[in-house]
Amino acid sequence: MLLSIAKKTRKSLTLEVKLDIIYRHERGEKTNSIAHHHGLTPSTVSTIFKLTDSIKKAGETGASYERSGNGRVVEALSRWVFMEEGVLRVVSIDHHLQAQSEPPVAYTIKDDVEYKIKVERLVEGTWKPYVANDMQMEFVRIDPFVRLTMTPSTSGLFSVKFKVMSIKAERS
């Protein structure tokens, strides 16, 4: 025997939607029709009917309810998604042998390498140095076998020095 299990999700309804449901019910519209119109289950509509007095009272008195804690998360996420805040950008990348200032064509085993990256973060519409203590870099030849936490500075510059090894890197 196969069972169909539907995942139930809660739907937040505004006061206006609840009042519209009550209005339609009072005008004689059927529960299934109201539920279909608002994309709800008939049991949800029935629950709203049972709470008609308190819903109407909230509408008349202008009573408001505490805002959901998720509101701040949604707002912050939206600002990030639309690149309004919290966005990171790379200003510059520099890598070279520790004894030189220009990068070589390729790195070989036992080379002592220095890697630097300057990162900025969008804060309230302006780009400021990104400060963190957990920025990492990953050095890849064939497989990624070097992952090191970089040393931060207050100017948004992160750096690390390491030796290219055949198997595993050593911090220098």
State, to one decimal in nm², a quarter of the convex hull surface area for the C-alpha atoms of the range 15-64, i.e. the direction-averaged projected area. 3.2 nm²
In the range 86-152, what is the volume of the convex hull around the alpha carbon atoms, normalised per residue and reported in Å³? 112 Å³
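No value in this document is a laboratory result; all are computed from the given coordinates. For clarity, every value in this text was computed on a predicted model and none was experimentally measured.
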